[in-house]
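Engineer: I have a structure I would like to understand better, so I am pasting it below and will then ask my questions one at a time.
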Amino acid sequence: MSDQGPVSSAARAPLLQAIGITKLYGTFLANDGVSIDLYPGEIHALLGENGAGKSTLVKTMYGLIQPSAGELRWLGEKIELSGPSDARARGIAMVFQHFSLFDNLTVAENVALGLDGKESFAAMSARLAQVSRDYGLPLDPKRVVWRLSVGERQRIEIVRALMQNPKLLILDEPTAVLTPQEADQLFTVLERLKGEGRALLYISHKLDEVKRLCDTATILRGGKKVATCNPRAETAASMARMMVGAEIGEVRATTARATTVPRLLIRDLSMAPDDPHGTYLRNISLEVFGGEILGIAGVAGNGQDEFFSALSGERIAPYEDNVIIDGHAAGNLSVTQRRKLGAAFVPEERLGHGTAPRMKLSENALLTGHAASHMVKHGFVDRPATLKAVDTTTRTFDVRKAKRDPEAASLSGGNLQKFIVGREILREPGVLVVSQPTWGVDAGAAAVIRQALIDLSSRGSAVLVISQDLDELAEISDRIAVMFHGTLSEPIAAANATREKLGLLMGGASPETATVEEVSHAAGA
Amino acid sequence: MQLVLEKRAERSTFIALASPVLAIALTLVTMSIFFLLLGKNPVTALYVYFIEPLTDSYTLMEIAVKASPLVMIAIGLSLCYLANVWNIGAEGQFLIGAVTGSWLAVVTNGTGAGPWVLPAMLVMGALGGALWAMIPALCKTRFGANEILTSLMLVYVADLILDYLVRGPWRDPKGMNFPTTASFDPVATVPVIMDGGRLHAGVIITLALVVVVAVMLGRSIKGFEIRVVGAAPRAARFAGFSSEKLVVFTFAVSGALAGLAGIIEVAGPVGVLQPGISPGYGFTAIIVAFLGRLNPIGILVAGLFLALTFIGGEGAQISMKVPLDLTKVFQGMLLFYVLACDSLILYRIRLVTAKPKAA
């Protein structure tokens, strides 16, 4: 990895300049006089907590919103973007964190909708296949999007952006759903794009990644620019400090955890998926002991969703002893019955799965709390009790919101996630199954959530964490197993779980053959 | 310049309440245009439709009599619609309720049976409506059949069953060959509760049901379940609520309420079982449900308003010689406007001046 590409050192004229961008929503200042210069051949990181104004800034650059004050300059010339298509016409492309894909259309159809060109559909499909192959982001143009995993969907977004041959590419948290090898591949792609003289604006929460990849970093806090710095000259801690304006509490591992009896037992679970293109679960066996956190790594779409719904009871297992919760055969029990046994679940999707987006937080507390939290008396809802649950969660997990009981959808991602995780943890579950606990959550909130999981396990609960973030798993897990094509590897102690070893298992290698020499080989698979 | 719909951060409670008012206003404007085109004075016509019925105690009672079945059916339907279950066949459930309830009145006719007959008829009516509603419900949960189509088609089946019975086995032998049963005995008749009109005890049942369903929806876990399944099906499954069981439940309740409304109508204001016992109550109730925000109290108000259009429409037919079908046109228009205005609950309209593309 070279420090500065040859192009960027030669051409020091900025490609895009944002000067004094200010955006007012009513009386709320989303951006307050933010200036940023993006150079060709340079990867520029944009850092900040949720709500710091990153999205507003990049949406301005992509023509999605008009700034209240300030201007954009493209190659030194003042421009006004009338919309995203105007931005694309100039060579600005963007990959969003939240995918803008039509589930019922194919990959090629989705890409066609995002392009303004006039080439024929067949030619476009061929070019799509070509670009995806060239950049090592394999995609079948004919597959329907709803059947793809989150990781594959993101690939579409990236390829779609690359097909526009952009001069400036904006990426919003692109590695959140990738394996280390996939992320490495993406970094190779990004390095290559940089070498081709393109400018890249890279939004991420992963500070190590930013240090490794980016040439410059601009940090926002509360809508204002705090600093522009060289991430390689900073430490992750110093950048985190600038982001939150205070020290982030380090997640501390608990010492001397008593590992007692398995509180969650999965025995030879095999299950066909609901959807013909879903993943078969094959002979999964696992023991999660009280007092430990067991991490499940794996690339998105390898059966994690199916596994989660088999554990939660959203889908019933074939045999009752497939799932055993605290000694009770629970394979045939409903979600509610499993909750009554002391289990709690946090699904991957915050909106629409973990919460009903258009319902109030108190009602969302009731969503999982009706089973076993004394919120229902004689068939009637105890409203004060649900509000109290909201207040307690808010206090304990520092959930920031505009009023006491807002709709779930009005909370920022990090705050809603704190609410959802907090809602379950405050019930003191004996078994907690969490999927993607900190996906798309800012550093501060992620630290709070991880600490809460560790604290819960140290109080004797069994915690199962399904995550694609290996750093997260390394940070909090005692043991890590890897899910691949619906099978689960033997768990390995976190201390022995190197990125290479896990990466190979995530690529389908068996543990015996998972040696370092094969890294490059498997990464290409 | 262009109009864009912009998503709101939170649903607007103000618009949710203002939408039906706006829809009524728009309907009145459109009605005025229609009257002008028909060569009538719109002011007089609107007076006949909406004010005149309120000036007379008999028509006031008639409004309550008409509103009663509308409200009773609509609160049942509101449970379905809140849960994203589309029961369009309340008209059929109404008719079948009238038939199953009337069966008892027919077989006990002239036998001097005791006062148990009427309560038993009401139960039979509710049961009949619920069972009739089970057909689309089970077709949906078992075979995935679209309940909109099946429930709607069953309306016509119900209509023909009623027709067959009153022309065939249940026809009054002394009825001069008219397709009607014999007049119900007093023990099989819903009592009138106020002199000088047809205001009957069924109105009290309707009011009680409004309260019961309001409490059920707002306070009970079942009401919460209905709302979650409708608003976020995946979250509902995660909460442990079965959408299939809820399809059966909401169809059963709405069918029972429609059936109950049917037997009360027959045993009350009509007094015999005959074709044409419903001026489309089951369909108009759909409008009532939406105009009333799928909320029992709102439905009570909306039911009274639509009853007013029925009574006013009859008045207009007599005094202004406008066709009765015009009332149905206006009712349909009202639903159209309500649904259109409802999009403003989640979206706001903004006028955007397109900026010229910078060169």
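Engineer: If you scan segment A:17-47, which residues turn out to be at pLDDT 90 or above and outside any strand (DSSP E or B)?
Structural biologist: Hits for segment A:17-47 are A:39, A:40, A:41.
Engineer: Restricting to segment A:125-169, name every residue that is modelled with pLDDT of 85 or more, among the polar types (S, T, N, Q) and within 27 Å of residue A:44 (Cα to Cα).
Structural biologist: Matches in segment A:125-169: A:132, A:164, A:165.
Engineer: Return yes when residue B:227 is within 14 Å of chain A (Cβ to nearest Cβ) and buried (at least 19 other Cβ atoms within 10 Å of the Cβ) and no when it is not. Outline the logic, then answer.
Structural biologist: Values: within 14 Å of chain A (Cβ to nearest Cβ): yes; buried (at least 19 other Cβ atoms within 10 Å of the Cβ): yes.
Answer is yes for this residue.
Engineer: Additional query: Looking at segment A:56-108 only, could you name the residues that are small (Gly, Ala, Ser) and buried (at least 21 other Cβ atoms within 10 Å of the Cβ)?
Structural biologist: From segment A:56-108, those small (Gly, Ala, Ser) are A:63, A:68-70, A:76, A:82-83, A:85, A:87, A:89, A:91, A:93, A:100, A:108; that's our starting set.
Listed by number, the residues that qualify are A:63, A:87, A:93, A:108.
Engineer: How many residues does segment B:75-96 hold that are more than 17 Å from residue B:126 (Cα to Cα), surrounded by 24 or more Cβ atoms within 10 Å (Cβ to Cβ) and of a type in the set (Val, Ile, Thr)?
Structural biologist: 1
Engineer: I've got another one for you. Looking only at residues in segment B:36-55 that are touching a residue at least 60 places away in the same chain (Cβ under 8 Å) and either part of a helix (DSSP H, G or I) or in contact with a strand residue (DSSP E or B) (Cβ under 7 Å, 6 or more places away or on another chain) (or both), which one is surrounded by the fewest Cβ atoms within 10 Å (Cβ to Cβ)? I'd like the intermediate steps shown before the answer.
Structural biologist: Initial filter on segment B:36-55 (touching a residue at least 60 places away in the same chain (Cβ under 8 Å)): B:38, B:40, B:44-45, B:48-50, B:52-54.
With the extra rule that they be either part of a helix (DSSP H, G or I) or in contact with a strand residue (DSSP E or B) (Cβ under 7 Å, 6 or more places away or on another chain) (or both), the set shrinks to B:44-45, B:48-50, B:52-54.
Working: B:44: 14, B:45: 22, B:48: 22, B:49: 25, B:50: 18, B:52: 17, B:53: 22, B:54: 12.
Among them, the one singled out is B:54.
Matching residues to (1) within 14 Å of another protein chain (Cβ to nearest Cβ); (2) of a type in the set (Lys, Arg); (3) touching a residue at least 40 places away in the same chain (Cβ under 8 Å):
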residue: A:418; (1), (2), (3): no, yes, no
residue: A:422; (1), (2), (3): no, no, no
residue: A:438; (1), (2), (3): no, no, no
residue: A:444; (1), (2), (3): no, no, yes
residue: A:447; (1), (2), (3): no, no, yes
residue: A:466; (1), (2), (3): no, no, yes
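So that you can scan it fast, the table gives a plain yes or no per residue for (1) modelled with pLDDT of 90 or more; (2) more than 14 Å from chain A (Cβ to nearest Cβ); (3) farther than 30 Å from residue B:221 by Cα:
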site	(1), (2), (3)
B:238	yes, no, no
B:244	yes, no, no
B:247	yes, yes, no
B:250	yes, yes, no
B:261	yes, yes, no
B:273	yes, yes, yes
B:279	no, yes, yes
B:285	yes, yes, no
B:290	yes, yes, no
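Engineer: Looking at residue A:349, is it at pLDDT below 95, farther than 20 Å from residue A:416 by Cα, in the same structural domain as residue A:270 (by TED's automatic domain parsing) and in contact with a Lys or Arg (Cβ under 8 Å, 6 or more places away or on another chain)?
Structural biologist: Working: at pLDDT below 95: yes; farther than 20 Å from residue A:416 by Cα: no; in the same structural domain as residue A:270 (by TED's automatic domain parsing): yes; in contact with a Lys or Arg (Cβ under 8 Å, 6 or more places away or on another chain): yes.
Spelling it out, it is not the case that residue A:349 is at pLDDT below 95, farther than 20 Å from residue A:416 by Cα, in the same structural domain as residue A:270 (by TED's automatic domain parsing) and in contact with a Lys or Arg (Cβ under 8 Å, 6 or more places away or on another chain).
Engineer: Can you tell me which condition residue A:155 does not meet? The list is (1) under 25 Å from residue A:16 (Cα atoms); (2) without any contact (Cβ under 8 Å) to a residue 24 or more places away in the chain; (3) away from every other protein chain (no Cβ under 14 Å), and all the others hold.
Structural biologist: Evaluating residue A:155 over (1) under 25 Å from residue A:16 (Cα atoms); (2) without any contact (Cβ under 8 Å) to a residue 24 or more places away in the chain; (3) away from every other protein chain (no Cβ under 14 Å) leaves (1) as the failure.
Engineer: Looking at B:64, B:16, which is the one that is part of a helix (DSSP H, G or I), within 14 Å of another protein chain (Cβ to nearest Cβ) and either in contact (Cβ under 8 Å) with a residue 24 or more places away in the chain or out of contact with any strand residue (DSSP E or B) (no Cβ under 8 Å at 6 or more places or on another chain) (or both)?
Structural biologist: Values: B:64 fails: within 14 Å of another protein chain (Cβ to nearest Cβ).
Just one listed residue meets the conditions, B:16.
Engineer: Still on this model: Output yes when any residue across segment A:48-63 is within 14 Å of another protein chain (Cβ to nearest Cβ) and in a strand (DSSP E or B), and no when none is.
Structural biologist: Checked against the condition, which is being within 14 Å of another protein chain (Cβ to nearest Cβ) and in a strand (DSSP E or B), segment A:48-63 yields no hits at all.
Engineer: Right, something else. So which of A:329, A:365, A:310 is more than 7 Å from every other protein chain (Cβ to nearest Cβ), farther than 28 Å from residue A:289 by Cβ and not charged (D, E, K, R)?
Structural biologist: Result: A:365 is the single residue among A:329, A:365, A:310 that is more than 7 Å from every other protein chain (Cβ to nearest Cβ), farther than 28 Å from residue A:289 by Cβ and not charged (D, E, K, R).
Engineer: Only one of these conditions is not met by residue B:81: (1) over 20 Å from the mean Cα position of the chain (by Cα); (2) farther than 20 Å from residue B:307 by Cα; (3) away from every other protein chain (no Cβ under 14 Å); (4) hydroxyl-bearing (Ser, Thr, Tyr). Which number is it?
Structural biologist: (1)
Engineer: Right, another one. Take residue A:512 and decide whether it is crowded, with 19+ Cβ neighbours inside 10 Å, at pLDDT below 90 and of a type in the set (Asp, Glu).
Structural biologist: Details: crowded, with 19+ Cβ neighbours inside 10 Å: no; at pLDDT below 90: yes; of a type in the set (Asp, Glu): yes.
In short, no.
Engineer: Now a separate question. Hey, does segment B:153-161 have a residue that's of a type in the set (Gly, Ala, Ser) and more than 25 Å from the chain's Cα centre (by Cα)? Before you say what the answer is, go through the steps one by one.
Structural biologist: Pass one, segment B:153-161, residues of a type in the set (Gly, Ala, Ser): B:158.
Of the ones still in play, those that are also more than 25 Å from the chain's Cα centre (by Cα) are none.
Checked segment B:153-161: no residue is of a type in the set (Gly, Ala, Ser) and more than 25 Å from the chain's Cα centre (by Cα).
Engineer: Moving to a separate point now. Could you tell me which residue of segment A:332-345 is farthest from the chain's Cα centre (by Cα), considering only residues that are hydrophobic (A, V, I, L, M, F, W, C) and within 12 Å of chain B (Cβ to nearest Cβ)? Please lay out each step first, then the result.
Structural biologist: Initially, segment A:332-345 is screened for residues hydrophobic (A, V, I, L, M, F, W, C), giving A:333, A:335, A:341, A:343-345.
Cutting the leftovers down to within 12 Å of chain B (Cβ to nearest Cβ) gives us A:333, A:335, A:343-345.
Numbers: A:333: 30, A:335: 25, A:343: 24, A:344: 21, A:345: 18 Å.
Step by step, filter segment A:332-345, then rank; the result is A:333.
Engineer: Next question, about the same structure. Could you check segment A:346-362 and list, in sequence order, the residues that are within 9 Å of chain B (Cβ to nearest Cβ), among the aliphatic types (A, V, I, L, M) and free of Cβ contacts under 8 Å to residues at least 60 places away in the same chain? Before the answer, list the steps.
Structural biologist: Step one: filter segment A:346-362 for residues within 9 Å of chain B (Cβ to nearest Cβ), giving A:347, A:349, A:351-359.
From what's left, among the aliphatic types (A, V, I, L, M): A:351, A:356, A:359.
Listed by number, the residues that qualify are A:356, A:359.
The values are calculated or read from the model by the stated rules, or taken from the named source; none is laboratory data. Treat the numbers as computed from the prediction; the structure is a model and nothing was measured. No Cβ is skipped: glycine too gets one built from the backbone with ideal geometry, and neighbour counts run over all protein chains shown.
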